[in-house]
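Colleague: My structure is below; once you've seen it, I'll send some questions.
The values are calculated or read from the model by the stated rules, or taken from the named source; none is laboratory data. In this text the structure is predicted, and so the values were computed from the model without any measurement. Positions of Cβ are backbone-derived with ideal geometry, glycine not excepted, and every protein chain shown enters the neighbour counts.
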Amino acid sequence: MIFCQTPYPTTSVINYGGKIYNTIQIGDQWWLRENLQIGIMIPGNRDATDNGVIEKYCFNNDSVNYRNYGAYYQWNEAMQYSTIPGARGICPEGWHIPTNEEFQKLCDFV
């Protein structure tokens, strides 16, 4: 789940890493509609490392599956090794990994 830090995004679609992502408003928050599919796939039995490369996992270690399910990321990799809540991490510019409070607000709304 990716959250926009501005009151509203400047566009309803975002091109990030060569893929188009749609945005959606839920309550007074803006989210990406699709799961991120950024980075290179690594085997599920290998840990992501802080090496300047976004590393992702794909369901069942099959790269075809990320088209349907998006990619999976270890928390530190998704945050790009930042410990600051709401860090941009692997998100497009102007977006960030939601904080616990932002995620709770989403849960309370739905």
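Colleague: In the range 28-72, which residue that is surrounded by 11 or more Cβ atoms within 10 Å (Cβ to Cβ) and among the small types (Gly, Ala, Ser) is farthest from residue 103 (Cα to Cα)?
Modeller: Checking each candidate, the answer is 63.
Colleague: Let me ask another. Condition (residue is touching a Phe, Trp or Tyr at 6+ places or on another chain (Cβ under 9 Å), charged (D, E, K, R) and surrounded by 14 or more Cβ atoms within 10 Å (Cβ to Cβ)) applied to the range 73-83: is it met by at least one residue?
Modeller: No, the range 73-83 contains no residue that is touching a Phe, Trp or Tyr at 6+ places or on another chain (Cβ under 9 Å), charged (D, E, K, R) and surrounded by 14 or more Cβ atoms within 10 Å (Cβ to Cβ).
Colleague: What about residue 18, is it at pLDDT 95 or above and among the small types (Gly, Ala, Ser)?
Modeller: no
Colleague: Could you tell me whether the range 78-89 includes any residue that is under 16 Å from residue 17 (Cα atoms) and either of a type in the set (Asp, Glu) or modelled with pLDDT under 90 (or both)?
Modeller: Checking the range 78-89: not a single residue is under 16 Å from residue 17 (Cα atoms) and either of a type in the set (Asp, Glu) or modelled with pLDDT under 90 (or both).
Colleague: Pairs needed: first member in the range 60-79, within 19 Å of residue 92 (Cβ to Cβ); second member anywhere, of a type in the set (Lys, Arg); C-beta distance under 6 Å; at least 6 residues apart or different chains.
Modeller: Final answer for the pair search is 71/56; 73/56.
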